[in-house]
Structures are given as C-alpha cells and as structure tokens.
Amino acid sequence: MAFKQSVQKFTGKINEVEIGTGEKAIKLGGENVMPFYSFDGSMGQRPKVGMEILDVYPEAWCDSLKGIYKDVANDSVAWAKFVEEKFHPDFICLKFEGSDPNGLNKSVDECATLAKQVAQSVALPLVIAGSNNHEKDGQLFEKVAQALEGSNVLLLAAVEENYKTVGAAGGLAYKHKVGAESSVDINLAKQLNILLTQLGVKAEDMVMNVGCAAVGYGFEYVTSTMDRIRLAAFGQNDKTLQMPIMAPVSFETWSVKESIASEEEMADWGCQEERGIAMEVSTAASMLTGGADAVILRHPKSVETVNTFIKEIVG
Amino acid sequence: MALTGLDIFKLTPKKNCKDCGFPTCLAFSMKVATGGIEIEKCPHMSPESLAKLSDATAPLMKTVTVGKGDGAFKLGGETVLFRHEKTFVNRSRFAVILSDAMTDEEIEAKIANVKKINYVRIGEEMKVEIIGCKYGGNKEKYLSLIQKVKENDLHGAYMLVCEDADVVKEALVLVKEENPIVYGANKENYKEMVELVKKDKLPLGVHGGSLEELYGLVEEIQKLDHRELILNVGSSSVKEAYENSVQIRRIALKEEDRTFGYPSIVFVNELAKGNKHLEIAVASTFVMKYGSIIVLEDIDYARALPLFALRQNIFTDPQRPMRVEPNVYQINSADENAPVLVTVDFALTYFIVSGEIERSKVPVQLAIPDAGGYSVLTAWAAGKFGGSSIAKFIKESGLDENHNCKKLVLPGKVAVLKGDIEENLPGWEVIVGPDEAMHLPKFLKGLQVEALAL
Ligand code: B12
Ligand code: SF4
C-alpha cells in the first residue's frame with residue numbers, strides 16, 4: 001500500500017462563544033475536529049487559560065500559593081489586578097466561596113457589589129463561579145448578572161436544580177453567557193443544554209462544564225464522556241452538544257493528596273508546591289487533549305506551562 | 001480483519017467436496033467469516049491462500065513484548081481509537097534516559113531517582129519500566145554505562161538508544177539475553193540494524209524524517225522479515241509528534257493498514273527541551289493519545305504521581321468499574337474496641353482510605369456496604385449510599401450486636417447523613433470525619449486520645 005494520511009471530515013462544529021468586551025474579549029470554540037487534529041480540519045480558537053481568584057482570603061489554599069498572593073489576597077480587586085498585570089491569563093475566574101451558606105454566608109448583594117468592583121478594575125473577561133450550593137448559587141448568579149450587565153461574563157455554572165434562575169437572569173435578562181454543568185454523562189449534558197435552550201437561552205450563548213476530575217481520581221470517566229460528547233457534536237452534528245467546554249481544573253487538583261500532603265507528612269514525595277503544579281499541569285493538559293476549550297488554573301507556574309503547552313501543540 | 005465471506009470464498013478451491021462438513025465452499029466461507037469455524041477445517045486450501053488469510057485476519061496492531069522475566073511487558077495490541085469503545089489493553093510505559101554524555105554524578109543521581117520511585121497505587125506497582133541508554137559518542141563509556149545499569153539491578157527493560165550498528169553490536173553482547181529494545185533503525189542503517197536484532201526477535205525502534213519516510217522504512221524492514229517494531233512519532237515539535245501519533249494509530253486501526261500497526265515511542269524529553277513542567281504536560285497528552293513508550297528526562301514524585309495515576313485511569317476497563325467486596329475489613333489488627341469507619345466499595349476510594357488508615361497505625365473496622373461500586377458522592381447522588389442503607393449494613397454485619405466501640409465515622413462529604421443514621425442506629429455515636437482521606441491519620445489519632453482520656 002502507498003502511504004496516505006487518514007483524514008476524517010465532520011459536518012458538525014463547536015459554536016464560537018465570546019466572553020468579555022473590548023480588546024481583551026476572548027472567543028472559545030469554533031473547532032470542527034477532535035482536539036488538535038489539524039489534519040482533519042479547523043482547530044478553531046486557541047484554547048484559553050484562566051486564573052482563579054476568590055472573594056475571600058484563600059484560607060484553605062496551600063502555603064506556597066498564599067505566599068504568592070500574600071499582598072493582595074485580602075482584597076479581590078487588588079488580587080484581580082495583580083493577576084492581570086503579572087501573569088497575563090486569558091480570563092479571570094472569580095469564585096464566590098464566601099457565599100456558601102455553610103461557610104461565611106455572605107449576602108448576594110455584597111457579592112454583586114464586589115463583582116462589579118472587580119469588573120471595573122480589570123480589562124480581562126470574567127468567569128463567575130459560586131460555592132456549589134445550588135440554591136444560593138442561583139440567587140448569586142442572578143444578582144451578579146444584574147450588577148455586571150454589559151460586561152458579558154460567563155456564569156459557571158447553571159445546574160439542573162437552578163438553571164431556570166441562572167438562565168433567565170444570566171442568559172436572557174442581562175445578556176451574559178451561561179455555563180451548563182452536568183455530572184460526567186453525555187445524556188445529562190445534552191438534557192441540561194436542551195432545557196436551557198427551551199428556556200430561550202441561545203445555544204451560541206452557552207458553554208459546558210461536563211464534569212472535571214484530577215488525574216487519578218475518576219478522570220477516566222471524564223475523558224470518555226468528553227470523547228463521546230465531541231464525537232456526537234462532530235459526527236452526528238448534534239446541535240445540543242456543540243457548546244465549548246470549560247474545565248475548572250484547579251477546583252479539583254488542589255484538594256487531592258498529591259497536592260496537599262505536606263513535606264513532613266510525605267517525606268519521600270519532595271516539594272509540595274512542585275507536586276501541586278504537576279497535578280494541575282497534568283490535569284489541564286489531559287483535559288485539553290480530551291476536548292476542553294478552556295481551563296481554569298490556580299498557580300502562576302501552571303498558567304505559564306499550560307500556555308507554552310498550547311503554543312507547542314497548536315503550532 | 002474485516003474479511004467477508006465472499007473474500008474468503010475467492011481463496012477456496014471452489015470444489016464443493018464437503019470435506020469440511022459444509023455443503024458448499026461458500027457456506028463454509030460464510031461460517032469462517034463470522035469466526036464460527038477455522039479455515040484449517042478445509043484440507044484443500046493452497047499455502048498461498050492460507051498465507052493471505054492469516055495476514056488478513058491477523059490483529060491490526062501487533063503486540064510487541066519487551067524485557068525478560070518479571071520485568072517483561074507487552075506494548076501495542078490495541079484495537080480501538082477511543083476507550084469507551086473497548087478497553088485500551090497495553091498501558092503506556094515510562095522510560096528514563098541515561099547517556100555516556102552525562103557526568104557520573106548525573107548518572108548516579110538518575111539511577112538513584114529511578115530506584116526511589118517504586119510504590120503501589122490501587123494494587124498496581126508504579127515505577128520506571130524502561131531504562132534508556134543513549135549513545136553520546138564515547139563507546140567505552142557507553143558500554144560501561146550499560147554495565148553499570150546492569151549492576152544496579154533496576155528491574156526495568158533495557159533500551160539501547162543508538163544509531164551506530166557497530167556500537168549496538170557490542171552493547172548487545174552485554175544485554176541481549178534481557179530482550180532489550182534496540183533503538184534505532186533509520187533509512188541509512190536499517191539493514192545492519194535488522195541484521196542485529198532479527199535472530200533474537202528483539203524489538204526494534206524505527207525513526208523516519210517524516211511520516212511518509214517512516215512508512216516506507218517500515219515496509220522495507222518488513223520485507224527483511226522483522227516485525228518486532230516500535231515506531232518513533234518524531235521529535236521535531238510537539239505538534240508534529242502529536243499528529244503523527246494519532247495518524248499512526250488511525251492509519252493502522254481505521255484504515256486497516258498494518259504497515260503502521262505497531263506500538264509507538266515518544267521522546268518527550270526531547271520535545272520538552274529541559275522544561276520539566278512542560279514535560280509533564282506533554283507526557284500526559286501522550287498517555288491519552290497513543291504513546292506506548294514515553295521517554296522522560298528524569299523521574300521524581302512530582303512527575304510520577306500525576307503521570308502514573310493518569311495512566312492507571314486511561315488503561316482501566318470502561319465497562320467494569322473496579323470494585324471491592326462489600327464487607328467489614330479489620331485494619332491495623334482492629335478488634336471489638338476499634339472505631340468503625342464507613343466508606344464505599346469503589347476500589348479507588350477503598351485503596352485511598354485503607355492506605356490512610358494503615359498510615360495512621362490506629363486499629364479501625366472499615367465497613368463497606370454495597371454502594372454500587374461508586375465513589376462517595378456519586379453513590380450518594382445515585383441513592384446507593386444513604387442513611388438507612390448504611391444503618392442496615394451495620395446491623396446485618398453483626399457490628400451492632402458484637403461490637404464494643406459504638407463510634408461510627410462518616411466520610412466528610414456525606415455529613416448530611418448524620419441525623420438519618422443516628423435515628424436508624426440507636427446507641428451509636430455518629431461522627432463526621434474529614435472530607436479528604438489524607439486527614440484521617442490526624443483525625444484518628446485525635447479519636448484515640450479522646451478515647452484514652454475517658
Ligand atoms: C467519576 C465520576 C462518576 C462516574 C462513577 C465513578 C465511580 N465508580 O464512582 C460516573 C460517570 C459513572 C458517575 C455517575 C454519576 N455521578 Co459522578 N462523578 C464522578 C467524579 C468526576 C469523580 C468521582 C471520583 O472518582 N472521586 C474520587 C474518589 C476517591 O472520591 P471519594 O469516593 O469521594 O473519596 C474521597 C473522600 O470522600 C474521602 N473518603 C472516602 N471514604 C471515606 C471515609 C471516611 C470515614 C472519611 C473520613 C473519608 C473518606 O477520601 C477519598 C479521597 O480523599 C465526581 C466529580 C469529582 N471531580 O469529584 C462526580 C460526582 C461525584 N458525580 C455526581 C453525580 C450527581 C453523579 C450521578 C448521580 C449523575 C446522574 N444524575 O446520573 C451519576 C450516578 C451514577 C448512576 N446514575 O447510577 C456529582 C455528585 C453531586 C453531589 N455533590 O452530590 C459529582 C460531584 C459531580 C458534580 N459536580 O456534579 N460519576
Ligand atoms: S473442504 Fe474446502 S473445498 Fe471442500 S467444500 Fe469445504 S471449503 Fe470447499
């Protein structure tokens with residue numbers, strides 16, 4: 001036989017979704033091929049790398065991270081500016097951990113005010129995350145969406161329990177982008193996307209979080225779910241699955257033992273900071289190779305590395 | 001592989017003699033195509049036809065065995081492009097590179113690192129499985145390097161990374177018995193290289209300047225009748241290596257072209273150009289996308305922990321979640337005075353939790369009800385790990401009657417179950433444990449101190 005490239009053309013394509021405004025606005029998606037398969041067609045937009053900051057002092061973060069942010073971590077506005085100027089991510093993910101009813105239980109008004117201050121202080125696009133309490137997150141996203149009208153942020157994310165509130169406020173009333181979060185299952189992802197579109201949110205205004213896990217911690221289910229979602233989006237031209245995927249990598253990797261065990265506890269394992277970066281970088285590269293269009297990271301070294309990785313693999 | 005009954009029929013003598021037990025050659029061929037009977041049942045097939053058939057029905061991707069004894073393993077043999085279709089069978093193997101161009105200190109340090117990384121995760125031994133010896137130009141030093149690796153007993157397979165056939169020949173005198181990988185053949189040296197490995201069927205690494213050149217080279221080597229091959233995906237850029245890796249796998253499995261039906265090797269060390277963090281990222285990509293051998297610059301826990309864990313994930317059977325038997329497990333010689341901890345029957349969770357309990361050295365009864373083989377939150381969300389089922393399990397296991405210490409510790413992630421269990425298990429003190437198992441040693445020691453104080 002003679003050598004011949006194997007080329008596979010698909011009819012389906014991932015929607016292009018814009019977040020933010022002005023020069024720093026970013027676009028996610030647009031590809032019509034499996035991750036980085038440039039020989040098949042268009043890779044779309046370069047995958048994007050965001051950085052996580054919190055609305056409260058990051059008490060639970062490891063010492064090396066607290067050290068990096070020590071001068072700004074008590075003030076989210078300063079923190080956001082610091083990250084923007086120093087580490088140049090594509091976007092900032094502002095996570096309202098302090099809104100958790102089982103924690104500080106900050107009021108949604110207070111959160112919305114802070115969100116607005118942050119939005120006014122940085123040019124980078126914002127992704128807003130909650131505390132994972134579905135009821136409170138619904139109220140939070142509603143208020144923040146209102147306060148940030150015109151900023152075109154991404155609300156990460158609506159789940160089955162609160163998608164009506166989040167979709168109506170975020171996607172319809174205040175014209176933001178809505179993230180749809182489901183639990184590692186192609187049918188659940190599809191179902192939530194359909195529910196949101198039935199509510200009136202345009203497919204082009206949606207992003208998905210189809211589940212995320214640190215490598216070694218159920219990651220195999222996540223990657224196979226992404227494979228199936230992408231193959232359906234491209235091969236079957238399934239419009240209900242053609243949203244870009246955003247993976248909150250740092251939410252997962254910084255709580256596993258590999259990242260948080262101290263050097264005293266695991267003497268053999270060596271530098272804790274190195275392990276944390278390694279878990280974050282490995283998971284991010286794996287999520288991107290699995291089909292994510294954007295990742296959220298915590299450590300500046302991870303941001304730098306994953307950006308280099310993207311540059312190298314996109315070419 | 002995808003031979004139809006008609007394809008096979010064309011190869012039969014078309015005598016309809018019934019010696020095979022079928023009324024016609026066609027009927028027989030149809031049966032062969034479905035795998036219902038072997039072609040050998042027809043005594044009249046010509047040798048040429050048989051050869052054609054065995055070529056066509058051979059697996060699309062060859063399985064290559066590397067190493068000897070307890071260090072031996074298989075590469076390749078994959079049948080699908082995506083793991084949800086069927087399991088990926090032979091996991092990626094990690095190699096670390098040594099070279100005569102390195103200083104003695106560097107070599108010593110790397111050997112020490114390779115020795116140090118050796119641990120068990122969910123029942124699987126995690127270590128560097130291939131020691132690459134790269135020829136840097138000094139033959140005497142190269143040979144003594146191999147000798148040194150031998151003396152250090154690293155339990156890995158050898159890989160001679162050397163394109164000079166004369167040097168390979170001398171190196172093979174030292175390690176031929178170990179079934180080493182010989183890397184590599186290129187378009188200039190392939191004849192001599194094949195000559196060196198053919199008799200002992202040693203796996204041969206092959207490198208071409210482009211995918212097309214590699215393809216032609218494999219064809220030439222196959223003509224010399226050597227088929228124990230490992231294909232280099234290239235190392236001029238990450239992009240090229242990645243695309244080649246996918247192309248090689250796809251051309252073999254989707255286009256059914258066996259010329260590329262071999263395992264691969266990726267020199268991630270060269271792609272990462274000394275950037276350790278980038279090396280971790282790129283290696284992760286190749287664990288997911290078809291790297292059979294992944295060569296690293298060096299090894300330490302920062303590299304090993306994510307990479308070996310990722311590999312373990314990718315190469316599990318997607319149809320069969322790893323489970324452990326629901327039961328009550330005694331850890332650290334626990335007796336009736338030990339506290340009871342509850343977790344789920346997902347193997348990953350069990351190994352993490354039991355590992356931490358062992359580390360604490362505190363005797364514990366670990367109660368594992370049937371939770372469908374799911375993680376804590378998955379099982380809880382799926383309704384398979386609730387207050388009443390946990391309480392029922394404690395009663396049925398006999399712990400309720402025979403156990404002295406009536407302390408029941410829950411995973412922190414399902415703290416909400418506390419009230420429900422207390423209601424269903426009168427007499428027990430239900431305690432919410434930490435969220436992450438790694439905090440168990442401290443937590444358990446705290447419990448112990450508390451118990452002693454009473
Ligand atoms: C992989 C995965 C799956 C896999 C299953 C894998 C498996 N065998 O369990 C699949 C794809 C099948 C799946 C399915 C579902 N999943 Co799921 N899944 C995950 C995922 C990505 C990883 C889970 C994992 O493997 N964790 C690793 C193990 C080791 O963690 P663990 O068991 O909790 O153990 C840790 C601790 O709990 C602690 N610990 C454990 N035992 C003990 C005991 C004691 C005493 C102590 C102190 C500590 C302790 O130690 C461990 C390490 O620190 C998570 C999200 C995530 N990133 O975590 C979602 C997640 C758990 N799933 C979720 C859901 C909702 C589901 C579904 C119900 C979805 C649906 N509606 O169908 C289904 C249920 C299955 C069904 N329908 O039958 C939700 C749960 C939401 C919630 N908070 O309740 C999650 C959190 C995702 C999400 N964000 O929505 N899932
Ligand atoms: S034995 Fe061979 S030749 Fe005879 S009928 Fe069967 S297939 Fe045909």
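Bear in mind these aren't lab numbers, they're just calculated from the coordinates by the rules spelled out. Here the structure is a predicted model, which means the values were calculated and not measured. For neighbour counting, all protein chains shown are included, and Cβ atoms are generated from backbone atoms with ideal geometry for every residue, glycine included.
Quick notes
- Relative contact order (%) - chain B, alpha-carbon pairs under 8 angstrom, separation at least six: 12 percent
- Cα gyration tensor shape of the range A:80-123, rounded if a/c is under 1.5, else prolate or oblate by comparing a/b with b/c: prolate
- Leading residue at positive end of dipole, the range B:296-454 (Cβ point charges), from B:F443, B:L307, B:L377: B:L307
- The overall shape of the range B:338-454, judged from the alpha-carbon gyration tensor, is oblate: a/c is not under 1.5, and a/b is no greater than b/c.
- Over 25 Å apart at the Cα level, from the set A:K4/B:K199; B:K127/B:K276; A:K9/B:K239, are A:K4/B:K199.
- Cβ neighbours within 10 Å from other chains - mean over B:82-89: 3
- Short-range pairs are left out: with C-alpha atoms under 8 Å and at least six residues apart, the relative contact order of chain A is 19 percent.
- The range A:190-315: C-alpha gyration tensor shape, a/c 1.5 cut-off, then a/b vs b/c: prolate
- Per the Kirkwood formula applied to alpha carbons, the range B:360-425 shows a radius of gyration over Rh ratio, Rg over Rh, of 0.95.
- Cα coordinate range in the range B:389-454, projected on the principal axes (Å, largest first): 30, 27, 18
- Exposure proxy ranking, count of Cβ atoms within 10 Å, fewest first, for A:T165, A:T289: A:T165, A:T289
- Each peptide among A:128-139, A:192-203 gets the average number of other Cβ atoms lying within 10 Å of its residues, and from highest to lowest they stand as A:128-139, A:192-203.
- Listed residue pairs exceeding 24 Å between alpha carbons, taken from B:K139/B:K176; B:K141/B:K187; B:K116/B:K148; A:K257/B:K442: B:K141/B:K187
- Efficiency of FRET between B:F82 and B:S144 - r from beta-carbon atoms, R0 51 angstrom, step 0.05: 0.65
- The share of Cα pairs per 5 Å bin across the range B:42-194, counted from zero up to the longest distance, runs 2, 8, 14, 16, 16, 14, 11, 8, 5, 3, 2, 1, 0, 0 percent.
- Take the Kirkwood radius over Cα pairs of the range B:6-108, plug it into Stokes-Einstein at 20 °C and 1.002 mPa s, and you get 120 µm²/s for translational diffusion.
- Highest-first packing order for the peptide set B:296-305, B:188-197 is B:296-305, B:188-197, based on the mean count of other beta carbon atoms within 10 Å.
- Assigned charges on the beta-carbon of Lys, Arg, Asp, Glu; the range B:206-253 dipole about Cα centre (debye): 200 debye
- Principal axes of chain B: Cα extent on each, largest first, Å: 81, 71, 37
- Peptides B:338-346, A:254-262 ordered by average Cβ neighbours within 10 Å, highest first: B:338-346, A:254-262
- Per-pair calculated FRET efficiency, R0 = 56 Å: B:Y119 and B:K18 via Cβ, rounded to 0.05: 0.35
- Taking the Cα atoms of the range A:99-220, the ratio Rg/Rh between the radius of gyration and the Kirkwood radius comes to 0.98.
- Spin-label proximity, A:A173 to the range A:84-109 - amide N less than 15 Å from point 7 Å beyond Cα toward beta carbon: A:108-109
- Eligible aspartates and glutamates near A:K13 by straight Cα distance, threshold 14 Å, same-chain separation 8 or greater: A:E31, A:D40, A:E204, A:D238, A:D293
- Compactness index (Cα Rg / 2.2 N^0.38 Å), chain A: 0.97
- Residue order, fewest to most beta carbons within 10 Å, for B:S292, A:S282, A:S121, A:S224: A:S121, A:S224, B:S292, A:S282
- Estimated translational D of the range B:63-314 in µm²/s (Stokes, Kirkwood radius over Cα pairs; 25 °C; 0.890 mPa s): 136 µm²/s
- GNM flexibility winner over chain A from A:L297, A:L104, A:L154 (Cα, springs under 10 Å): A:L104
- Scattering profile of the range B:5-57 at q = 0.19, 0.24 Å⁻¹ [log10 I(q)/I(0), Debye over alpha-carbon scatterers]: -0.52, -0.87
- Test item: A:297-309 mean partner chain Cβ contacts at 10 Å: 3
- Convex hull of alpha carbon positions in the range A:153-221: directionally averaged projected area 4.6 nm².
- With the simple model of a label 7 Å out from the Cα in the direction of the Cβ, B:K198 to B:E106 spans 3.7 nm.
- Values of log10 I(q)/I(0) for the protein assembly as shown across q = 0.05 Å⁻¹ run -0.30, by the Debye formula with one identical scatterer at each alpha carbon and no solvent.
- Reduced Cα scattering model of the range B:53-109, Debye log10 I(q)/I(0), q = 0.12, 0.29, 0.31 Å⁻¹: -0.51, -1.13, -1.17
- Proxy reagent accessibility, fewest Cβ within 10 Å first, across B:F73, A:F251: B:F73, A:F251
- Note on the protein assembly as shown: dipole from Cβ charges, positive end direction compared against A:P89, A:A169, A:M51; the farthest Cα belongs to A:A169.
- Looking at the range B:318-373, the trypsin sites (Lys or Arg not before Pro) that sit in a DSSP loop and have at most 16 other Cβ atoms within 10 Å of their own Cβ are B:K361.
- Counting, for every residue in B:258-266, the Cβ atoms of other protein chains within 10 Å of its Cβ and taking the mean gives 1.
- Take every pair of alpha-carbon atoms less than 8 Å apart whose residues are at least six positions apart; their mean separation over the length of the range B:327-453 yields a relative contact order of 28 percent.
- DSSP bridge orientation in the range B:92-231 - percent antiparallel, rounded to nearest 5: 15 percent
- The charge dipole of the protein assembly as shown, taken about its Cα centre with unit charges on the Cβ atoms of Lys, Arg (+1), Asp and Glu (-1) only, comes to about 2040 debye.
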